[in-house]
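The values are calculated or read from the model by the stated rules, or taken from the named source; none is laboratory data. Note that this is a predicted model, so its numbers are computed, not measured. Here Cβ is always computed from backbone atoms with ideal geometry, including for glycine, and neighbour counts include all displayed protein chains.
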Amino acid sequence: MQEPDLSIEISSLKMESPLMLASGILGTSIELLRRVFEDGAGAVVTKSIGYEQRMGYDNPTIVEVYGGYLNAIGLSNPGIKEFYKELSRSKIDDLPLVVSLFGAESSEFSEMISILNELEVKAYELNISCPHVKGFGVEVCQDAKLVEDIIEAVKKETQKPVFVKLSPNLTDIVNAAKLAEDVGADAITVTNTFKAMSIDIETCRPILANKIGGLSGPVIKPIAVRCVYEIYQNVDIPIIGCGGVVDWQDAIEFFLVGATAIQIGTGIAYKGLSVFEKIKQGIKDYLTLKGKSSLRDIVGLAHGF
Amino acid sequence: MVSDKPRIVKVLNVRDESKTVRSLIFEDDICSKARPGQFVMVWIPGVDEIPMSISMTKANGLAGFTVRKVGEASSALFDMEAGSLLGVRGPYGRHFTPIIGDVMIVGAGTGLAPLMPLSEILTQNLSSIHMIIGGKTIDEFVFVDRARAILSKTKSEIIITTEDGSYGTKGLATDAMEPILKEGHIDKIYTCGPELMIKKVLEIAQVFSVPIQASLERIMKCGIGICGSCCIGRYRVCKDGPVFDSPKLEEIIGELGLFKRDHSGRATII
């Protein structure tokens, strides 16, 4: 029997594998992004880039908790002009590169895209859902008019696919997804991390320097799966599932509730960079066992019940 | 089991190594089993969390690291006293692989920290060590007495170099390499210290076809290979290093000693 087909398309972004590197992980160096691609990722998403350089928060910026990790890096990034230089250092036309952008208003997003426009970036992901940087994350996502302005401004500036990454901290993530679809988003990425804390009981203080951070890892997977499930019933554009994928079984769950692709971040902390190849193999074996020739055949199957 | 969370430990002892360098010794079973070259993320509550090479491990559950007072975090560590509380997570990273044979060690300043426990294992293996310790001037030296004590166990030698000639031979540590490499066979070179020195060690080792292992340093945030802050070329210092073998070092020679990334990820000249 032929190997099952794992290739997918999200608008004009073609991927050999549905497993993407999530934003925020290993994503400021082009060499590292390429390495993750060579290690089996179907596409790689950069760390979120803003207009200005940001140093981020002091350490500790990460701490492990039961079932996941908590981080508050603070959107550290070299700034769009410096990142343009980073991407110009080598040929990227063969790299399925998605640039993640954050900003406080629509003009920042369009300016950033106009700077990157001439480069072979394959798609953009708008991070309007960082849980721990005031003014740049969830606050943006909560303001429907602002979300609309940003997506419209970005779509005006580029023909490339635009993904919108939503926050699980919203009261109504389905409405946010519908809104993104209505104003022209090409896909929805769900979800970003969950606002959370961890306290050291010996010194009686929050461990993260920023006190509050974003929770990722297996502990958030069931919530992310639910978000994908609900959004799938309400929008037609592709959904990129993100949240706690460590093993191939996790990935399959996301496909069954309707994800076209999934992103992996914290999974690398648990399994290393071989996580992409391992999950890819697991998906192939699963599809073979189920007698499916293509990954597309299982997307959304959980909705039949 | 949650392992990437700081374990709170009490500083048991503070040892003066020089005017600006101190070693902090604490009790932690996991750290006491660290291999030479591994590091811990040290949390100074309310200040910062920084990577520190393990400079000492004891069979009785004790471990230590060595800090030079330079920035805010290292000064806070330097000023700690017995009884102060710290968080540690790790040990992390790839370690030196001690061999049995004739080896050379080239170190400078606090770069010697991981080379001390390495030397202990090497001499237990009955390896002969040619140790070159370099510095700008006589005041900067640390670990010389400890190195002498360790190296006295086998047929070994210590060569001291200073740039101003105030101690040992005048010159750079790397100047002392060639005569030794010309005289006899060296199986392996271990190095840690300023990156330009490491680069020179690599270049000389290439001429004599001797494999090397070098421990590198970069700004680290997560320490577990996911944030990418410490990248050098296609490698992560925290996970693929901090100890790198010759082939990887040759791959990143274009960055070595030339530039590193700041907290924002921006490349800056070293």
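Before we move on, is B:S166 in contact with a helix residue (DSSP H, G or I) (Cβ under 8 Å, 6 or more places away or on another chain), among the polar types (S, T, N, Q) and either in the same structural domain as B:D16 (by TED's automatic domain parsing) or surrounded by fewer than 20 Cβ atoms within 10 Å (Cβ to Cβ) (or both)? Taking the combined requirement at face value, the residue satisfies it.
Condition check ((1) of a type in the set (F, W, Y); (2) farther than 19 Å from B:T268 by Cβ; (3) in a strand (DSSP E or B)) across all residues:
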| residue | (1), (2), (3) |
| --- | --- |
| A:S23 | no, yes, no |
| A:L26 | no, yes, no |
| A:R35 | no, yes, no |
| A:A41 | no, yes, no |
| A:K47 | no, no, no |
| A:Y51 | yes, yes, no |
| A:G56 | no, no, no |
| A:V63 | no, yes, yes |
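Restricting attention to segment A:43-60, and to residues there that are under 19 Å from A:A269 (Cβ atoms) and surrounded by fewer than 24 Cβ atoms within 10 Å (Cβ to Cβ), which single residue is nearest to the other protein chains (Cβ to nearest Cβ)? Here the residue is A:G56. The set of residues in segment A:18-42 that are under 24 Å from A:G217 (Cα atoms), surrounded by fewer than 22 Cβ atoms within 10 Å (Cβ to Cβ) and either touching a residue at least 40 places away in the same chain (Cβ under 8 Å) or of a type in the set (K, R) (or both) comprises A:R34, A:R35, A:F37, A:D39, A:G40.
One residue stands out among those in segment A:137-165 that are modelled with pLDDT of 90 or more and polar (S, T, N, Q): the one that is farthest from A:M112 (Cα to Cα), which is A:Q159. Residues that are within 14 Å of another protein chain (Cβ to nearest Cβ), within 26 Å of A:I62 (Cβ to Cβ) and not in a strand (DSSP E or B) do not occur anywhere in segment B:94-112.
Per the listing B:S264, B:S246, B:S229, the residue uniquely over 20 Å from B:L118 (Cβ atoms) and either more than 10 Å from chain A (Cβ to nearest Cβ) or out of contact with any Asp or Glu (no Cβ under 9 Å at 6 or more places or on another chain) (or both) is B:S229. For segment B:209-226, the set of residues classified as more than 10 Å from every other protein chain (Cβ to nearest Cβ) and farther than 24 Å from B:L112 by Cβ consists of B:S209 only. Of the residues making up segment A:144-172, those that are surrounded by fewer than 24 Cβ atoms within 10 Å (Cβ to Cβ) and closer than 20 Å to A:F194 by Cβ are A:V147, A:P168, A:N169, A:L170, A:T171, A:D172.
Filter segment A:211-248 down to the residues that are among the polar types (S, T, N, Q) and either buried (at least 21 other Cβ atoms within 10 Å of the Cβ) or within 12 Å of chain B (Cβ to nearest Cβ) (or both) and list them by number.
Residues of segment A:211-248 that are among the polar types (S, T, N, Q), as a first pass: A:216, A:233-234.
Scanning segment A:211-248 gives a single hit, A:S216.
Can you report the number of residues in segment B:86-140 which are closer than 15 Å to B:G168 by Cα and either free of Cβ contacts under 8 Å to residues at least 24 places away in the same chain or hydroxyl-bearing (S, T, Y) (or both)? Going through segment B:86-140 one residue at a time, the tally reaches 1.
Residues of segment A:202-235 that are hydrophobic (A, V, I, L, M, F, W, C) and under 15 Å from A:V65 (Cα atoms): A:I207, A:L208, A:I212, A:L215, A:V219, A:I220. The residue of segment A:76-101 that is surrounded by the fewest Cβ atoms within 10 Å (Cβ to Cβ), among those that are closer than 26 Å to A:G213 by Cα, more than 10 Å from chain B (Cβ to nearest Cβ) and not β-branched (V, I, T), is A:S100.
Evaluate segment A:88-102: report whether one residue or more is more than 16 Å from the chain's Cα centre (by Cα), on the phi > 0 side of the Ramachandran plot and not in a helix (DSSP H, G or I). Quick ask: steps written out before the conclusion?
Initially, segment A:88-102 is screened for residues more than 16 Å from the chain's Cα centre (by Cα), giving A:88-95.
Now restrict to residues that are on the phi > 0 side of the Ramachandran plot: none.
No, segment A:88-102 contains no residue that is more than 16 Å from the chain's Cα centre (by Cα), on the phi > 0 side of the Ramachandran plot and not in a helix (DSSP H, G or I).
Listed by first and then second residue, the pairs linking a residue in segment A:270-292 that is within 27 Å of A:L26 (Cβ to Cβ) to a residue that is crowded, with 16+ Cβ neighbours inside 10 Å and among the small types (G, A, S), with Cβ atoms under 7 Å apart and 6 or more places separating them unless they lie on different chains, are A:V275/A:G267; A:F276/A:G40; A:F276/A:A41; A:E277/A:G40; A:I279/A:A251; A:K280/A:S17; A:K280/A:G40; A:I283/A:A251.
Note on segment A:254-277: among residues that are touching a strand residue (DSSP E or B) at 6+ places or on another chain (Cβ under 8 Å) and of a type in the set (F, W, Y), the one that is nearest to the other protein chains (Cβ to nearest Cβ) is A:F276.
Go through segment A:196-207 residue by residue and tally those that are in contact (Cβ under 8 Å) with a residue 24 or more places away in the chain and more than 10 Å from chain B (Cβ to nearest Cβ). Walk me through how you get there before you give the answer.
Restricting attention to segment A:196-207, the residues satisfying the condition of being in contact (Cβ under 8 Å) with a residue 24 or more places away in the chain are A:196-198, A:207.
Next, from what is left, pick out any that are more than 10 Å from chain B (Cβ to nearest Cβ): A:196-197.
The total comes to 2.
Within segment B:233-260, being at pLDDT below 95 and part of a strand (DSSP E or B) holds for B:F259, B:K260.
Are any residues in segment B:2-39 of a type in the set (V, I, T), within 13 Å of chain A (Cβ to nearest Cβ) and touching a helix residue (DSSP H, G or I) at 6+ places or on another chain (Cβ under 9 Å), and if so, which ones? Break it down into steps so the answer makes sense when it comes.
Start the filter on segment B:2-39 by keeping residues that are of a type in the set (V, I, T), which leaves B:2, B:8-9, B:11, B:14, B:20-21, B:25, B:30.
Still in the list and also within 13 Å of chain A (Cβ to nearest Cβ): B:2, B:8-9.
The one that is of a type in the set (V, I, T), within 13 Å of chain A (Cβ to nearest Cβ) and touching a helix residue (DSSP H, G or I) at 6+ places or on another chain (Cβ under 9 Å): B:V9.
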